[in-house]
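Here's the structure, in structure tokens; my notes come after.
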Amino acid sequence: MENSFKSIIDGSKSILIMLPTKPFFDQVASGLGLYLSLRDKKDVQVYSTTPMTVEFNRLIGVNKISQELGNKNLIIRFVDYKASDIERVSYDIENGQFRLTVIPKQRINPPQKEQIELSYTGISADTVVMIGGANESHFPALATKELTSANIVHIGIRDISLASNKSYISFAKPASSVSEITASLIKESGLAMDEDVATNLLMGIEQTTNNYTDPSVNAETFMIVSELMRTGGRRVSSQVPLAPTNFPPGAIPSGFPRPFQPPTYQPQGFQARVQASSQQTTQQPVQQMAQQLTPQPAQLPPQPPSQPVANKIQDVAQEEEEEKEPPKDWLQPKIYKGTSLS
């Protein structure tokens, strides 16, 4: 049997893509890229013992990574429900669809929807593809008995050491990233390469090489990158640009540069008037504040005026009273004398 990647994939019915414990971004991107390329052609599963964190959320298909090894058998479990409360379980076929019926005992409520838990068990994979890793401790699931007869394939940038002396086929070689090797294998095997596959592999290469600044980047790397971008691969930045809108109210940094405003020319006389006006405007509040801060004399209760002032006021009142009284001869009869009589 030819040990090419294409022949191994073509001869496999079910493929298990296995990520190492605590995988790097490049390894997850590589595994998901291979999964997306095979999912329409093969029964394929991506497995990781480590739960995915926020840093992997930008990868396409990250929700397809399972922490349960095997997908051969479906297990239905009723959480917090006593098995003794079930009378019997039956099934039937209705309109070509399987229906399972759980019948509880009398006066016992059936299991609730939120108590139903679905999981899978049993490994049906005949080929295991290990992504990255350095030794067998990074892939503890290899010790599972159900994988004893499976073909083991390794993709990485360096050889892996298996302590159990299991035979495996290695496609490891020096490269800038595991994603670069995976992209080459997909291309050589004639597997599907769409924009989602290309985007994941492109992100894996850029993340590992720190945007192509790593010394391991060579001409082969740029050839792979150009082909991924021609296929529709998108460059997704791992960093969100800082902007005032990205911060909650009251938390905007003060270090953002202000937009440049060119100086405007103003006549010298106009500048002098503006300065004088600004100084006057500034001095007025200061003077008002100083006046407010100056201590005012304490207010004393009213006191009667002194004796000279009182006499003067009394004389003025008498004069006004005399002016109001008419002369004594005002009411006496008067004789009119004239030169002519009418």
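The values are calculated or read from the model by the stated rules, or taken from the named source; none is laboratory data. Here the structure is a predicted model, which is why all the values come from computation and not from measurement. A quick note on method: Cβ atoms are made from the backbone with ideal geometry, for glycine too, and the neighbour counts reach across all protein chains shown.
Scanning segment 1-35 for residues that are in contact with a strand residue (DSSP E or B) (Cβ under 9 Å, 6 or more places away or on another chain), of a type in the set (Phe, Trp, Tyr) and touching a residue at least 40 places away in the same chain (Cβ under 8 Å) yields a single hit, Phe5.
Checking the structure you have, find out if any residue of segment 44-53 is small (Gly, Ala, Ser) and either in contact with a helix residue (DSSP H, G or I) (Cβ under 6 Å, 6 or more places away or on another chain) or not assigned by TED's automatic domain parsing to the domain that holds Ile155 (or both). The answer is no, given that none of the residues of segment 44-53 is small (Gly, Ala, Ser) and either in contact with a helix residue (DSSP H, G or I) (Cβ under 6 Å, 6 or more places away or on another chain) or not assigned by TED's automatic domain parsing to the domain that holds Ile155 (or both).
Can you give me the number of residues within segment 31-77 that are modelled with pLDDT under 90 and of a type in the set (Phe, Trp, Tyr)? Adding up the residues that qualify gives 0.
Looking across segment 43-76, just one residue is closer than 30 Å to Pro104 by Cβ and loosely packed, with under 11 Cβ neighbours inside 10 Å, and that is Leu74.
Pairing residues of segment 200-217 that are under 24 Å from Ser37 (Cα atoms) and at pLDDT 95 or above with residues that are small (Gly, Ala, Ser) and part of a loop (DSSP other than H, G, I, E, B), at Cβ distances under 6 Å and at least 6 apart in sequence or on separate chains, gives Leu202/Gly233; Gly204/Ser177; Ile205/Ser177; Thr208/Ser177; Thr209/Ser176.
Within the option set Ala163, Ala175, Ala198, being buried (at least 23 other Cβ atoms within 10 Å of the Cβ), aliphatic (A, V, I, L, M) and in a loop (DSSP other than H, G, I, E, B) holds for one residue only, Ala175. Please verify whether segment 154-161 includes one or more residues that are at pLDDT below 95, in contact with a Ser or Thr (Cβ under 8 Å, 6 or more places away or on another chain) and more than 19 Å from Arg58 (Cα to Cα). Yes, segment 154-161 contains at least one residue that is at pLDDT below 95, in contact with a Ser or Thr (Cβ under 8 Å, 6 or more places away or on another chain) and more than 19 Å from Arg58 (Cα to Cα). In segment 91-107, of all residues being surrounded by 10 or more Cβ atoms within 10 Å (Cβ to Cβ) and not hydroxyl-bearing (Ser, Thr, Tyr), the one that is farthest from Tyr81 (Cα to Cα) corresponds to Arg99.
Could you say which residue among Ala150, Ala143, Ala172 is assigned by TED's automatic domain parsing to the domain that holds Pro23 and either out of contact with any helix residue (DSSP H, G or I) (no Cβ under 9 Å at 6 or more places or on another chain) or closer than 19 Å to Val44 by Cβ (or both)? First the steps, then the outcome.
Working: Ala143 fails: either out of contact with any helix residue (DSSP H, G or I) (no Cβ under 9 Å at 6 or more places or on another chain) or closer than 19 Å to Val44 by Cβ (or both); Ala172 fails: either out of contact with any helix residue (DSSP H, G or I) (no Cβ under 9 Å at 6 or more places or on another chain) or closer than 19 Å to Val44 by Cβ (or both).
So the residue among Ala150, Ala143, Ala172 that is assigned by TED's automatic domain parsing to the domain that holds Pro23 and either out of contact with any helix residue (DSSP H, G or I) (no Cβ under 9 Å at 6 or more places or on another chain) or closer than 19 Å to Val44 by Cβ (or both) is Ala150.
Matching residues to (1) within 22 Å of Leu38 (Cα to Cα); (2) β-branched (Val, Ile, Thr):
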position: Phe98; (1), (2): no, no
position: Thr101; (1), (2): no, yes
position: Asn109; (1), (2): no, no
position: Ile123; (1), (2): yes, yes
position: Val128; (1), (2): yes, yes
position: Ile131; (1), (2): yes, yes
position: Ala134; (1), (2): no, no
position: Ser137; (1), (2): no, no
position: Lys145; (1), (2): no, no
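Taking the criterion of being more than 18 Å from Asn210 (Cβ to Cβ) and among the hydroxyl-bearing types (Ser, Thr, Tyr), the residues of segment 164-185 that qualify are Ser164, Ser167, Tyr168, Ser170, Thr182, Ser184. Checked against (1) without any contact (Cβ under 8 Å) to a residue 40 or more places away in the chain; (2) not assigned by TED's automatic domain parsing to the domain that holds Met18, Glu117 passes all but a single condition, namely (1).
Kindly establish whether Ala134 is surrounded by fewer than 19 Cβ atoms within 10 Å (Cβ to Cβ) and either of a type in the set (A, V, I, L, M, F, W, C) or in the same structural domain as Ala29 (by TED's automatic domain parsing) (or both). Against the criterion (surrounded by fewer than 19 Cβ atoms within 10 Å (Cβ to Cβ) and either of a type in the set (A, V, I, L, M, F, W, C) or in the same structural domain as Ala29 (by TED's automatic domain parsing) (or both)), Ala134 qualifies. Of the residues Leu74, Leu34, Leu100, the single one that is within 21 Å of Lys187 (Cα to Cα) and not small (Gly, Ala, Ser) is Leu34.
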